[in-house]
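Written out below as C-alpha cells is the structure these notes cover.
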Amino acid sequence: MLRATSKLILCAALACSVMPVNSQSDTNTVSLGESLKLIRDFHPIARQAQLIQQEGNAYVQYARGAFDPKIYLEQRNKYYDGKNYYDERGVGLQIPTWFGLTLNAGNESNAGAFINPEDITPSGGLSYAGASMPLLRNLITDARRTQLQRAKIFETRSGFMKNTVLNELAANVVSDYLRWYFAAQELALYNQAVAMSTDRLRAVREEFIAGAKPISDTIETAAQLGSFLLSQQEAQIEYAKAKLMFSAHLWNSDGLPVEPLPGVLPAFSGLDFLDSFVAAFPDTAVVENILELQPELGNMSFFQKELELEKRFKKQQLLPDLSLKYNLLSPGFMNFTGPSITALNNYNFGLKFSTSLFLRKERGEYRLADYKWQGQGLKVAWKTRESTQKVRAAYVKVLTYRDMLGQMKGLVDNFQTLYENEKIRFESGDATVFLVNTRETKLIETRIKQLSYFEKNLLSQTEYLEKAGILWQILR
C-alpha cells in the first residue's frame, strides 16, 4: 500500500457505492493530475516503458564491448617420462580501434625438447608489438562498428518506443477519466431532477388533498418522477462502470491494483491542460514536425537508418578480403630500443588475400538488405501520410465539437428560461403541471446533450493529441 500518498490512493480508488456528484464538497475528490502521479510511478505499462529505454542503454553498452582492450595469459606444457616435451607461455594485450586497426603487444616464451624450431624463443622470451588492419573489405566499416552504430540508433529508437507506449497509455487514462467525470455529472443532473420532481409531487398531492389540483396533476407528476428514477438508475450503472474502468489504471508501489474505496469523486480541475496543449500545437505545426513529434513515426524512421547501416555493411562484404599484419620483435620482455636498424629488421609480417569467385552469397545479402531498406522507406512515407491525414481529421473534429458546444450553451440558456417562466406561471395558476414537466424534461435532455458535447469535445482533444504524438508528455 502507498504510505506517503494516502490521499492519492483515496483519490485513485473508486467508490463502491454511487455518491451524488452535487455533494462533492462533503466528499473526497480526485483530479486527473493526482491520478497521473500514481500511474506514472506504478502502472505496469508505464514501468514497462521505462524498461524499453533501459534496454536501449544496455544494448549500447553491449556493443561498446567489442572495442574493449583484451589481455590474455596462457600456458601449455607437457612433461612425461622424465622429459620436458614443451613449455609454452604467452601474455599479451589487444586494443581494437574504431578505424579497423587492431594494436597488439605481448611476450612469448617457449622451450622444450620437442618444440617446433620456428617457435623457439630466447631465454628471456620474445616480445612483439604491432598492428593488423584490413585494406579492402571491412576497411570503411565492419561488423563491430556497424553493431555499435546500430546500437546507438536503437537507443534513440527505444526512446520513441517508450513514448509510443506512454502515448497510448495516456490516451486511455485521460479518456477513461473523462468518461468517469461526465458519468458523474450526468448522474448529478438526474439526482437533481429526482429531488425536484419528488418535492413537486409532494406539493401537488397536498394541493390535491386540499382540492386545489385535479388528480391528473398528481398522476402526471408521479409519472414524471418515475421516468426520472429510471434514468437515474441507468446513470448509476454507467457511473459505476466508468469508475471501475478508470480504477483499472491505478496501482500501488507493491505492484498491486488499488482497491476501490467509497466516497471518492472525479474533479474537473486540471483538465484545462487539453486546451493548452491543443493551442500550443495546432495542426499546421504538428504536420510540419510530424516525424519529430509522432513517436511511432520516429521509431520507424530510425529503424530505416538501422537498415541503411546494414546495407552499407553488406556492400563492404562485396570487396575482397585483404588484410595486413606487422609486428616488431625484440628479445626479452618488451625490450624495444627504438626505431634502430636492428630493431626494424626483427619483425614478422603477414598479408592475406581471399575472395569468392562469384560472390553469390555476398550479392544476395546486399540485395536483401537493400530491399529491406527500400521497403522501410516506403512504409515510412505511407505512415507519414496516413498520420498527417489522421491529425488533420482529428483537428477538424476538435474545432467542430468546440463550435457545437458553444451552440449548445445558447440552447440550454433558452430552455432554462422557458422552464423558469413556466414554473412562475404554474405557481400563479396560469399553467398546468403537464407543461411544467414538459419544459423540465426538455431542459434535462438538453443539459444531458450539452454534457455529451462537452465530453466529446474533450475526448476529441485527447484523440488529437494522441495522434499528434504529444499526449505522452503528461506522464513524464
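The values are calculated or read from the model by the stated rules, or taken from the named source; none is laboratory data. Note that the coordinates shown come from a computational prediction; the quantities given were computed from them, not determined experimentally. No Cβ is skipped: glycine too gets one built from the backbone with ideal geometry, and neighbour counts run over all protein chains shown.
Quick rundown of the values:
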read-out	value
Any hit, the stretch 148-160, residues being touching a Leu at 6+ places or on another chain (Cβ under 6 Å), surrounded by fewer than 20 Cβ atoms within 10 Å (Cβ to Cβ) and in contact (Cβ under 8 Å) with a residue 12 or more places away in the chain	yes
Among (1) in contact with a Gly (Cβ under 7 Å, 6 or more places away or on another chain); (2) free of Cβ contacts under 8 Å to residues at least 24 places away in the same chain, the one test that ILE120 misses	(1)
Flag for THR417 being assigned to a helix (DSSP H, G or I), of a type in the set (Ser, Thr, Tyr), farther than 30 Å from ASN299 by Cα and out of contact with any Cys (no Cβ under 8 Å at 6 or more places or on another chain)	yes
Pairs with Cβ under 8 Å, 6+ apart, first in the stretch 249-269 and buried (at least 21 other Cβ atoms within 10 Å of the Cβ), second acidic (Asp, Glu) and modelled with pLDDT of 85 or more	HIS249/ASP176
Filtered residues of the stretch 350-388 (kept if loosely packed, with under 13 Cβ neighbours inside 10 Å and either closer than 30 Å to GLU292 by Cβ or in contact with a helix residue (DSSP H, G or I) (Cβ under 8 Å, 6 or more places away or on another chain) (or both))	TYR371, GLY375, LEU378, ALA381, TRP382, ARG385, GLU386
Of all residues making up the stretch 450-465, the number that are over 25 Å from THR388 (Cα atoms) and either under 19 Å from the mean Cα position of the chain (by Cα) or of a type in the set (A, V, I, L, M) (or both)	1
Given (1) in the same structural domain as GLU386 (by TED's automatic domain parsing); (2) touching a residue at least 40 places away in the same chain (Cβ under 8 Å); (3) not basic (Lys, Arg), index of the condition GLU288 fails	(2)
Filter result for the condition that a residue is at pLDDT below 95, surrounded by fewer than 18 Cβ atoms within 10 Å (Cβ to Cβ) and closer than 30 Å to MET245 by Cβ, over ARG89, ARG76, ARG3	ARG3
Selection status of LYS397, touching a helix residue (DSSP H, G or I) at 6+ places or on another chain (Cβ under 6 Å) and either modelled with pLDDT under 95 or farther than 29 Å from LEU38 by Cβ (or both)	yes
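Let's see how each residue does on (1) over 21 Å from GLN185 (Cβ atoms); (2) assigned to a helix (DSSP H, G or I); (3) over 25 Å from the mean Cα position of the chain (by Cα):
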residue: SER216; (1), (2), (3): yes, yes, yes
residue: ALA235; (1), (2), (3): no, yes, yes
residue: LEU265; (1), (2), (3): no, no, yes
residue: VAL287; (1), (2), (3): yes, yes, no
residue: LEU291; (1), (2), (3): yes, yes, no
residue: PHE313; (1), (2), (3): yes, yes, yes
